[in-house]
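Take a look at the structure set out below.
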Amino acid sequence: TPPDGPEPLAGWIGDNLDPATVLVVDELTRAQLVRDGVDQGRLRPAGGERPPEALVVTTTRPTRGHPPAPPPGTSVPLATVDRGPGDARAEVRRPVTDLAATDTARTLDRDDRRRVGGLLAGNPSLTLSDAARAALESGAVDSRLITVLAGFSSAHRLGISEFVTVPAEPSDAPLRGVLITAVDGRPVTEPGAADLARQWLGAQLPPYRPLSVRRAGSALLVRYSLPGPLGLLGR
């Protein structure tokens, strides 16, 4: 029986994964997620057949006396989600066919993000905080964000205060969220500026359409889904 209280993993899924992403989970986690609003049609049992793009969720429940679930044989970690009191957590992983090839692709992608992000950091249409500029120049920003901001800033002036980290993710994960504070010199607290940004971003085609665009204090938080594609910026 699922414990009382909401499952933090369900909230993380809603905030970070595309609604079409399939998840492989154990029976208890499945019951918890369905209870908390995750569509049961996207959940698959552990040990069964899974689609090639499915993510695997492994769990630990030391307070219940369960040993840690082993991760899939060849996979990369995407996030580790705290599930509440004690040391219980869920690790979300992406299975891959060739770990060495995946590591190489990730390194090349980081190099591309550093190269193109450095160029974007010099765009006079962008007003960047020091931290946001450093993130672009170091290659820390997701390639989808780099591409979309380059397109958006070709027609509009943007203020950017921060590229957002997600604490559950590895420290070297690309930053796939951004806080936009102004459009064409107008703060996004003004409806016209916020609407312009939403309309422009909402008109993008996958994989460049954001997962969500919402107000976050005096900024618009634009967030992309996990995992991000590799190689979008090319060479």
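The values are calculated or read from the model by the stated rules, or taken from the named source; none is laboratory data. These numbers were taken from a predicted model, which means no experiment stands behind them. Ideal geometry is used to build each Cβ from the backbone, glycine not excepted, and the neighbour counts take in all protein chains shown. All accessible areas refer to the heavy atoms of the entire protein, side chains included, with ligands and DNA or RNA removed. Shrake-Rupley method; radii C 1.70, N 1.55, O 1.52, S 1.80 Å.
Table for the structure above
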| item | result |
| --- | --- |
| Matching residues in the stretch 175-211 - criterion: being under 30 Å from VAL81 (Cα atoms) and in contact with a Ser or Thr (Cβ under 7 Å, 6 or more places away or on another chain) | LEU175, LEU179, THR181, TYR208, LEU211 |
| Residue match in the stretch 139-148 (condition: open to solvent by 20 Å² or more (accessible area, probe 1.4 Å), in contact (Cβ under 8 Å) with a residue 40 or more places away in the chain and closer than 12 Å to TYR224 by Cα) | no |
| Residue count, the stretch 122-138 (criterion: closer than 11 Å to PHE163 by Cβ and either buried (at least 16 other Cβ atoms within 10 Å of the Cβ) or β-branched (Val, Ile, Thr) (or both)) | 5 |
| Unique match (being open to solvent by 40 Å² or more (accessible area, probe 1.4 Å) and assigned to a strand (DSSP E or B)) among ARG50, ARG44, ARG30 | ARG44 |
| Candidates THR74, THR58, THR63 - the one that is open to solvent by less than 30 Å² (accessible area, probe 1.4 Å) and either closer than 30 Å to GLU7 by Cβ or modelled with pLDDT under 90 (or both) | THR58 |
| Subset tally (residues that are open to solvent by 50 Å² or more (accessible area, probe 1.4 Å), part of a helix (DSSP H, G or I) and either touching a Phe, Trp or Tyr at 6+ places or on another chain (Cβ under 8 Å) or not charged (D, E, K, R) (or both)) for the stretch 175-212 | 3 |
| So ASP87, is it acidic (Asp, Glu) and either modelled with pLDDT of 90 or more or open to solvent by 50 Å² or more (accessible area, probe 1.4 Å) (or both) | yes |
| Top-ranked residue in the stretch 18-27 [being at pLDDT 90 or above and out of contact with any helix residue (DSSP H, G or I) (no Cβ under 9 Å at 6 or more places or on another chain); ranked as surrounded by the fewest Cβ atoms within 10 Å (Cβ to Cβ)] | ASP18 |
